[in-house]
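Data block below; observations after.
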Amino acid sequence: MARSANPHIILAQALTRALSALRNVGHEFDVVLILLPDAWASGFHGAPDEDFDLHDYVKAFAASEGICVQVLRESSALQYFCRCSVAWRLGIALYTKAGGVPWVLADVDPGTAFIGIDYALRTGAGPELRFAICCSQVFDAEGSGLEFVAYEAEGVHMFGRNPFLRRDQMLKVMARSLAIYQRKHTGDPPRRVVVHKNTEFRKDEIEGVFDAFPNAENIELIHVQQACGWRGVLIAGPQQPAGYPCRRGAAMQLGPHEALLWSQGNLPEVAAGKDYYKEGKGIPEPLLLVRHAGLSQIDELCRETLGLTKMDWNNDGPYDRLPVTLSFAGTLATIVKRMPKLEPRSYPVRLVM
């Protein structure tokens, strides 16, 4: 590495050779731990004009080989001052990657499937704009079926900077997600489907989802918008703003199909009744939930979305801002575009966590 003009390539090749050697003895281990010393920092990223990240590259290669990997950096894993945080994160990560289910959603209809969609441009794509489309079937009531499918589509329509699928493309993505659910539920299809996306649902996409789930009693298509321009300040008394933001979980319905949901905010339940704001400072911006299809009450959609912000199994925080349907889908899309081969099958999410 010290003598090379491209140390990241040297390090990446060495690690992938080691993982290839482990492939033949995969029955003897559950998780591979890779410790990256700070002395190797020159190989963690490529040149400024290169789209290379060693962590994502190794994860993508390992996932394609069916190997669960836990990457540890010396500066964060061994030298981080809060040892409790390190122990918790590492313990949960290893337990999950070895096949465990640490916690599940409460009070959810057993026949509900939650699906998140995100997109990523595959590196080296030509002018035909090929996208690695990542769709993750994230959770059901039992916490099972945590797998994802990746589908590479050609000729994706672009509206501004955002890609949108054609009806047949969305049908293929949703049909593969349906197959994952049925494999985990003795062939039974979900009675209710909730699909989250960080862009709006176009007409072709809506029709593609409904084509894939003809037997579902209810299909909820929810656009979860992060930047909505709204803010909320808690007023403690006449002309007296409170010292802390409004409560996490506060919601305000704007119309029959739109609602604001504060997934960040004051959460005294985790601090023995005292005010607690995880972000420390600032005024939290709510999520804007826009429903493009569905029959459920807005309150139910807000409650489910809020619950999904606590389902990140790779985090020691009390919550995330986004539901795990979208946070996982975004992570998957970033890693999937670096996979050397993209096969038309499902992958356990633990492979890329």
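The values are calculated or read from the model by the stated rules, or taken from the named source; none is laboratory data. Predicted model, so just to flag it, every value in this text is computed and none were measured. Backbone-built Cβ (ideal geometry, glycine too); neighbour counts: all protein chains shown.
So here's what we get for this one:
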item	result
In the range 273-295, the residues that are crowded, with 16+ Cβ neighbours inside 10 Å and either modelled with pLDDT under 95 or in a loop (DSSP other than H, G, I, E, B) (or both)	Tyr276, Tyr277, Lys278, Pro284, Glu285, Pro286, Gly294
Matching residues in the range 53-89 - criterion: being among the hydrophobic types (A, V, I, L, M, F, W, C) and either farther than 23 Å from Thr334 by Cβ or modelled with pLDDT under 90 (or both)	Ala60, Ala63, Ala77, Leu78, Phe81, Cys82, Cys84, Val86, Ala87, Trp88
Ala47 in a helix (DSSP H, G or I) and either aliphatic (A, V, I, L, M) or surrounded by fewer than 16 Cβ atoms within 10 Å (Cβ to Cβ) (or both)	no
Selection status of Arg17, modelled with pLDDT of 90 or more and more than 20 Å from Tyr347 (Cβ to Cβ)	yes
Residues of the range 97-113 satisfying the condition of being of a type in the set (D, E, K, R) and in contact with a Cys (Cβ under 9 Å, 6 or more places away or on another chain)	Lys97
Within the range 296-315, considering residues that are assigned to a helix (DSSP H, G or I) and β-branched (Val, Ile, Thr), the one farthest from Leu351 (Cα to Cα)	Ile298
The range 3-19 - residue that is loosely packed, with under 15 Cβ neighbours inside 10 Å and of a type in the set (A, V, I, L, M) and, of those, nearest to Tyr57 (Cα to Cα)	Ala14
In the range 279-319, the residues that are touching a helix residue (DSSP H, G or I) at 6+ places or on another chain (Cβ under 9 Å) and within 18 Å of Arg231 (Cα to Cα)	Leu287, Leu289
Options Val58, Val25; residue that is in contact with a Leu (Cβ under 6 Å, 6 or more places away or on another chain) and not in a strand (DSSP E or B)	Val58
Per-region count, the range 74-98, residues under 21 Å from His55 (Cα atoms), assigned to a loop (DSSP other than H, G, I, E, B) and of a type in the set (A, V, I, L, M, F, W, C)	1
Filtered residues of the range 179-208 (kept if outside any loop (DSSP other than H, G, I, E, B), free of Cβ contacts under 8 Å to residues at least 40 places away in the same chain and under 20 Å from the mean Cα position of the chain (by Cα))	none
Output for the range 243-272, where each listed residue is of a type in the set (D, E, K, R) and in a strand (DSSP E or B)	Arg247, Glu258
Criterion (surrounded by 14 or more Cβ atoms within 10 Å (Cβ to Cβ) and outside any helix (DSSP H, G or I)) met by exactly one of Val71, Val101	Val71
